[in-house]
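So the structure is just underneath, and the comments pick up after that.
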Amino acid sequence: MAKRRAWEDEEDEAAVAPPVPCWLCGRDLGEVVEYHHPVPKAKGGKAREPVHPICHRTIHAHFTNSKLGRIGENVEALRSHPEVAKFLSWVAGKPADFNAPTKKRER
C-alpha cells in the first residue's frame, strides 16, 4: 500500500463536487434524484432540472402540462403559487432524502 502525502489528501477533498441544489426548493439533493422538464417533453421541452422526488410530485400535483408549458423555466412562478409556497416553507427544514405523501392533483 502506497503512502499518501498530506497535499494529496487536500487535492482529493478539493475534487469532490459541491452538493447540487434542488431546482424547486433549493435544498441539497440526497441519494434519490429525479429530473423535471420545466417545459414538458409533450410541449417540446428538452431541458431537465434535478429535483427531490417530493418536489417533483408537488409540481405535478399543482400544475398541468399545459400550465407548465406556459410558465416555462420560470421557477419563481412555480414558487409563488400559494400551495407550492406553503409546501416550500414546510419542507425547508427537512433532510435531503425526506419523503411523504403528496396531495392529489388539483383539478
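The values are calculated or read from the model by the stated rules, or taken from the named source; none is laboratory data. These figures come from a predicted structure and were not determined experimentally. Note that each Cβ is placed from the backbone with ideal geometry, even for glycine, and that neighbours are counted across all protein chains shown.
Within segment 59-104, the set of residues being charged (D, E, K, R), surrounded by 12 or more Cβ atoms within 10 Å (Cβ to Cβ) and either in a helix (DSSP H, G or I) or in contact with a strand residue (DSSP E or B) (Cβ under 7 Å, 6 or more places away or on another chain) (or both) comprises K67, R70, R79, E83.
Set side by side, the residues A85, A100 differ, and just one is closer than 14 Å to C25 by Cβ, modelled with pLDDT under 95 and out of contact with any Leu (no Cβ under 6 Å at 6 or more places or on another chain), which is A100. Scanning segment 47-56 for residues that are touching a strand residue (DSSP E or B) at 6+ places or on another chain (Cβ under 9 Å) and free of Cβ contacts under 8 Å to residues at least 40 places away in the same chain yields R48, E49, P50, V51, C55, H56. Looking for something modelled with pLDDT under 95, in a helix (DSSP H, G or I), among the aromatic types (F, W, Y) and out of contact with any Cys (no Cβ under 7 Å at 6 or more places or on another chain) - is there at least one such residue anywhere in segment 3-18? Yes: one or more hits. I need a count of the residues in segment 57-82 that are in contact (Cβ under 8 Å) with a residue 24 or more places away in the chain and closer than 24 Å to D97 by Cα. The number of residues fulfilling the criteria is 9.
Within segment 20-38, restricting attention to residues that are of a type outside the set (D, E) and in contact (Cβ under 8 Å) with a residue 60 or more places away in the chain, the residue that is nearest to L88 (Cα to Cα) is C25. Within segment 26-46, the set of residues being part of a loop (DSSP other than H, G, I, E, B), in contact with a strand residue (DSSP E or B) (Cβ under 7 Å, 6 or more places away or on another chain) and over 16 Å from G69 (Cα atoms) comprises R27, L29, V33.
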